[in-house]
């Protein structure tokens, strides 16, 4: 999962995190927040705006995740 860091209106996709343990998630004020522990045992917080512009990305992630879990359960 890539974490977006925004500085001076510039977006960097320089961090990659493998989500290993879900800590929590919530929706508040139009933002979906996901907290998880990564492969380095660091706590990571990802904020995703709830906006129709992000719908395709979220649905694509949902499908890929469902396919991944289904494959692992079939093994």
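Restricting to region 50-62, count the residues that are surrounded by 10 or more Cβ atoms within 10 Å (Cβ to Cβ) and over 11 Å from the mean Cα position of the chain (by Cα). Before you say what the answer is, go through the steps one by one.
Filtering region 50-62 down to residues surrounded by 10 or more Cβ atoms within 10 Å (Cβ to Cβ) leaves 50, 54-55, 57-62.
Those still in the list that are over 11 Å from the mean Cα position of the chain (by Cα) too: 50, 54-55, 59-60.
Number satisfying all stated conditions: 5.
Those residues that are surrounded by 10 or more Cβ atoms within 10 Å (Cβ to Cβ) and out of contact with any strand residue (DSSP E or B) (no Cβ under 8 Å at 6 or more places or on another chain), I need them from region 22-41; list them, please.
Passing the criteria: only 39.
What's the number of the only condition in (1) modelled with pLDDT of 85 or more; (2) surrounded by 10 or more Cβ atoms within 10 Å (Cβ to Cβ); (3) in contact with a strand residue (DSSP E or B) (Cβ under 8 Å, 6 or more places away or on another chain) that residue 19 fails to meet?
Residue 19 satisfies all of (1) modelled with pLDDT of 85 or more; (2) surrounded by 10 or more Cβ atoms within 10 Å (Cβ to Cβ); (3) in contact with a strand residue (DSSP E or B) (Cβ under 8 Å, 6 or more places away or on another chain) except (1).
Taking the stated definitions as given, is residue 66 exposed (fewer than 10 other Cβ atoms within 10 Å of the Cβ) and modelled with pLDDT of 90 or more? Write out each step before concluding.
On the way: exposed (fewer than 10 other Cβ atoms within 10 Å of the Cβ): no; modelled with pLDDT of 90 or more: yes.
Taking the combined requirement at face value, the residue does not satisfy it.
The values are calculated or read from the model by the stated rules, or taken from the named source; none is laboratory data. As the structure is a computational prediction, the values presented were derived from the model and not from experiment. All Cβ positions, glycine included, derive from the backbone under ideal geometry; neighbour counts span all protein chains shown.
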